[in-house]
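Scroll down for the structure; my scribbles are underneath it.
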Amino acid sequence: MTLMSGEIYSYSELAAKAGVILPTPKTEAWKYTRLRDLLGTDYQLCETTSKKGENVPFSANIIHISNGKIVSELPHIEGVTFQIISSAEALSNYPFAKMNAAYLTQGLQIEISGTLNQPLVLNYFMMPEDKNYFYHFRNRIICKSNSKAEIIEQFTYDGNVKSCYLANIVNEIEIQSYAHLDHYKYQNEAFKANHIALHKVNIAEGGKYDSFCLQKGANIARNETEVSLNGEKAEAVVNAAYMMNGWATLDTTTNIYHYQPQTKSSQIVKGVIGGTAKGVFQGRIHIAPNAVHTSGTQLHKAILLSDTAEIDVKPELEIFADDVKCSHGAASGELDKEQLFYMRSRGIGEEEAKNILIEAYLNDVINMIENEKIREWFKSLR
Amino acid sequence: MNAPLLEIEDLCAEVSGKQIIKDFNLTINEGEIHAIMGPNGAGKSTLSYVLCGKPGYTVTSGTVRFKGKDLLSMSTEDRAREGIFLVMQYPVEIPGVPSTTFLKHSVNAVRKYKNLPELDTMEFLKLVREEGRKLGLDNEMLKRPINVGFSGGEKKRMEALEMVVLKPDFAILDEADSGLDIDAMKVVAGSVNSLRDGKRSMLIITHFQRLLNYVEPDFVHIFADGHIVKTGNKNLAVELEQNGYAEYVKVK
Ligand SMILES: Nc1ncnc2c1ncn2[C@@H]1O[C@H](COP(=O)(O)OP(=O)(O)OP(=O)(O)O)[C@@H](O)[C@H]1O
Ligand SMILES: [Mg+2]
């Protein structure tokens, strides 16, 4: 779809041009995350900028992606081949992935065939100036049999914090037999920005996808993960944490499909929500009829810091097989008053006491990250 | 006579709309040790919470001055920073916060209030480990989340550790002796005594004379129905141990 530089388009208009039907408040999969602000904004194509985002505080191979375009040399890494892509699959069921394909800004194919000795960082950086830019980025990540890698996605911005830009990112991830991918994400977009991400993951026999996503920015943000466990003993960990004090909606949506016996999935999501912000967790675990001896667990916990903060949780278990272990749980509450009093009675100020409790609360899930440097990095971001 | 440290006048306070503290009067001078004894439910813990400004505990009338300042208008944290410390009857568990981390936040918050520089981490660890060792809390214990899964006695030792590290001017010990074995009692009493310097004062709430054998009080008060009904010296504790409170409690 060709768009004119400098022209203003609403997202609905773009969707109509591409024949994509965007979610409405009546669309079940989007009923908690209202897209009003996203759909109402006028966007424009971005004139590219070459400014790079902040590096990470550990040694890594970094690819800088600015306003949706790769702005650094692709690194030479043994066991990895890169290829820039300029067209992508629409992916039915996902209207935003269709938009991503129709208006692809750029894409990258990453093929991994060995064991990477340091993480690969995709460093997305937005320089919105005073415009409402939008970009659509696609990664096609192929983890060859027996390969092992860590990929980190970082989303930050600089410049006009009031820009209502839109980042639409789709990752198609293929994990071949006995390959192992650790996938981390940190989302700290500008406070009026929109961030819609989809990770579509296919895992073959004995493969493992281990993920953690921390979201603390944007006005409307959705991090959606679809995992298909296609081979026996395939495994997925889809953990997340989110924290928000303004008025944003932070959405974590998961769809885990167990198609084969002895597959395993676990999800722990912890949120801290204040102000008039809203936390959304929709988690579906689907176990196909032949997927015996599988286990799927899911836990969502949230702390509400104000009376006006809101949590919407929708767990869905669809179990069609016998002899499976499945569980889901959800809990939400406030910071513990006795704990706050105890800390304050020891001279710790109220704000600091709250922060200590919030840190401890989120550490639960952050501590599950095995790589110490990445774990400490997330703690410093929280 | 020493200067007054804590002056409580005609204090009335309620919890959940129920009046618990009724016209309570007590002055504690610098360097004095006061013991309060009284039947269950008399309001002893309530008094200590009121002095710390616990939310939900409402003062309906009366005044409290600490070092001459109006205590009741201060926040809980400022009272602690001014030098009030409460050894709680039921210490609170805080999952995910290691004891040393907790103590460090606490010590530095108090130091900041007093315009003192933060303690260096190594210096601080050395201090905590040393005091911990005296109280029978080893390094492993200090790394654990504060009070989480601690035995009753271990919790009380942790309270004592916090107290000796913070060195308050005025400590309230609410049943610091409950749940302690005889050896631990001596150890905790030792740390209480180590703080005595002729200026610091203590208010010891207890049901038994035992602790008072190790930390000798200047005054013993009998607390019933929301206020002090009798004041004596340490012999009053001995007498109570024998006769109980029947004489002091109204027949309901
Ligand atoms: N939150 C509350 N709501 C209602 N009543 C309360 C509350 N807290 C305390 N009380 C009541 O206040 C009274 C005094 O309680 P407090 O804990 O101060 O007694 P105490 O003298 O410390 O007793 P003990 O020796 O058993 O520790 C009790 O009758 C108690 O039930
Ligand atoms: Mg009590």
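The values are calculated or read from the model by the stated rules, or taken from the named source; none is laboratory data. Predicted model only: the values in this text are computed from it and were never measured. Heads up, the Cβs are rebuilt from the backbone with ideal geometry, glycines too, and the neighbour counts pull from every protein chain shown. What goes into the accessible areas is simple: the full protein's heavy atoms, side chains included, and nothing from ligands, DNA or RNA. Shrake-Rupley method; radii C 1.70, N 1.55, O 1.52, S 1.80 Å.
Among (1) closer than 28 Å to residue B:205 by Cβ; (2) away from ligand 2 (no atom under 16 Å from the Cβ), which single condition is residue B:121 missing?
With (1) closer than 28 Å to residue B:205 by Cβ; (2) away from ligand 2 (no atom under 16 Å from the Cβ) applied to residue B:121, the lone miss is (1).
Based on what the data block shows, is residue A:269 under 20 Å from the mean Cα position of the chain (by Cα) and either crowded, with 19+ Cβ neighbours inside 10 Å or among the acidic types (Asp, Glu) (or both)?
Considered against the rule, which asks whether it is under 20 Å from the mean Cα position of the chain (by Cα) and either crowded, with 19+ Cβ neighbours inside 10 Å or among the acidic types (Asp, Glu) (or both), residue A:269 comes out as yes.
Only one residue in B:85, B:66 is touching a strand residue (DSSP E or B) at 6+ places or on another chain (Cβ under 9 Å) and away from chain A (no Cβ under 14 Å). Which one?
On the way: B:85 fails: away from chain A (no Cβ under 14 Å).
On inspection, the qualifying residue turns out to be B:66.
Quick check on region A:88-101. Is at least one of its residues more than 19 Å from the chain's Cα centre (by Cα) and not in a loop (DSSP other than H, G, I, E, B)?
no
Looking at (1) open to solvent by 30 Å² or more (accessible area, probe 1.4 Å); (2) within 10 Å of another protein chain (Cβ to nearest Cβ), can you tell me which one residue B:61 breaks?
Against the list (1) open to solvent by 30 Å² or more (accessible area, probe 1.4 Å); (2) within 10 Å of another protein chain (Cβ to nearest Cβ), residue B:61 comes up short only on (2).
For region A:156-171, state whether one or more residues are among the aromatic types (Phe, Trp, Tyr), under 14 Å from the mean Cα position of the chain (by Cα) and assigned to a strand (DSSP E or B).
Start the filter on region A:156-171 by keeping residues that are among the aromatic types (Phe, Trp, Tyr), which leaves A:157, A:165.
Still in the list and also under 14 Å from the mean Cα position of the chain (by Cα): none.
No, region A:156-171 contains no residue that is among the aromatic types (Phe, Trp, Tyr), under 14 Å from the mean Cα position of the chain (by Cα) and assigned to a strand (DSSP E or B).
Would a scan of region B:10-30 turn up a residue that is open to solvent by less than 10 Å² (accessible area, probe 1.4 Å), away from ligand 2 (no atom under 16 Å from the Cβ), closer than 29 Å to residue B:114 by Cα and touching a Cys at 6+ places or on another chain (Cβ under 8 Å)?
no
When you check residue B:86 against the structure, is it in contact with a helix residue (DSSP H, G or I) (Cβ under 6 Å, 6 or more places away or on another chain) and within 16 Å of ligand 2 (Cβ to nearest atom), yes or no?
Against the criterion (in contact with a helix residue (DSSP H, G or I) (Cβ under 6 Å, 6 or more places away or on another chain) and within 16 Å of ligand 2 (Cβ to nearest atom)), residue B:86 qualifies.
Considering region B:69-82 alone, what residues qualify as being away from chain A (no Cβ under 14 Å) and surrounded by 16 or more Cβ atoms within 10 Å (Cβ to Cβ)?
Narrowing region B:69-82 to residues away from chain A (no Cβ under 14 Å): B:69-70, B:72-73.
Of everything in region B:69-82, just one residue is away from chain A (no Cβ under 14 Å) and surrounded by 16 or more Cβ atoms within 10 Å (Cβ to Cβ), namely B:72.
Report, by residue number, each residue of region B:130-141 that is over 16 Å from residue B:187 (Cβ atoms) and surrounded by 12 or more Cβ atoms within 10 Å (Cβ to Cβ).
The answer is B:139, and nothing else.
For residue A:316, only one of the following conditions fails: (1) farther than 30 Å from residue A:382 by Cα; (2) surrounded by fewer than 21 Cβ atoms within 10 Å (Cβ to Cβ). What is its number?
All conditions are met except number (1).
Kindly establish whether residue B:38 is more than 8 Å from chain A (Cβ to nearest Cβ) and out of contact with any helix residue (DSSP H, G or I) (no Cβ under 8 Å at 6 or more places or on another chain).
No: the conditions fail for residue B:38.
From (1) of a type in the set (A, V, I, L, M, F, W, C); (2) under 12 Å from the mean Cα position of the chain (by Cα); (3) in a loop (DSSP other than H, G, I, E, B), pick out the condition that doesn't hold for residue A:191.
For residue A:191, the exception is condition (2).
Can you name every residue in region B:157-176 that is within 16 Å of ligand 2 (Cβ to nearest atom) and either open to solvent by 10 Å² or more (accessible area, probe 1.4 Å) or among the β-branched types (Val, Ile, Thr) (or both)?
Passing the criteria: B:172, B:175.
Considering region B:88-102 alone, what residues qualify as being more than 7 Å from chain A (Cβ to nearest Cβ) and under 15 Å from the mean Cα position of the chain (by Cα)?
Within region B:88-102, B:88, B:89, B:90, B:91 qualify.
Only one of (1) surrounded by 14 or more Cβ atoms within 10 Å (Cβ to Cβ); (2) within 21 Å of the chain's Cα centre (by Cα); (3) farther than 17 Å from residue A:164 by Cβ is not met by residue A:33, so which one is it?
That leaves (3) as the condition not met.
Would you be able to tell me the number of residues in region A:97-130 that are of a type in the set (A, V, I, L, M), open to solvent by 10 Å² or more (accessible area, probe 1.4 Å) and more than 24 Å from residue A:52 (Cβ to Cβ)?
Number satisfying all stated conditions: 2.
Taking region B:122-176 on its own, how many of its residues are away from chain A (no Cβ under 12 Å) and either part of a helix (DSSP H, G or I) or within 16 Å of ligand 1 (Cβ to nearest atom) (or both)?
28
Within region B:181-235, which strands (runs of 3 or more DSSP E) (wholly inside it) include 2 or more residues that are open to solvent by less than 10 Å² (accessible area, probe 1.4 Å), more than 16 Å from ligand 2 (Cβ to nearest atom) and within 21 Å of residue B:131 (Cα to Cα)?
In region B:181-235, the matching strands (runs of 3 or more DSSP E) lie at B:201-205.
When the residues of region B:39-58 are narrowed to those that are within 16 Å of ligand 2 (Cβ to nearest atom) and on the phi > 0 side of the Ramachandran plot, which ends up least open to solvent (accessible area, probe 1.4 Å)? Full working, then the answer.
Within region B:39-58, the subset within 16 Å of ligand 2 (Cβ to nearest atom) is B:39-52, B:54, B:56-57.
Applying the additional criterion that residues be on the phi > 0 side of the Ramachandran plot yields B:41, B:43, B:56.
Working: B:41: 80, B:43: 7, B:56: 50 Å².
Per the stated criteria, the residue is B:43.
Just for strands (runs of 3 or more DSSP E) wholly inside region A:252-366: which have at least 1 residues that are within 14 Å of chain B (Cβ to nearest Cβ) and polar (S, T, N, Q)?
Details: elements: A:264-273, A:278-287, A:295-304, A:310-319, A:325-333.
It comes to none.
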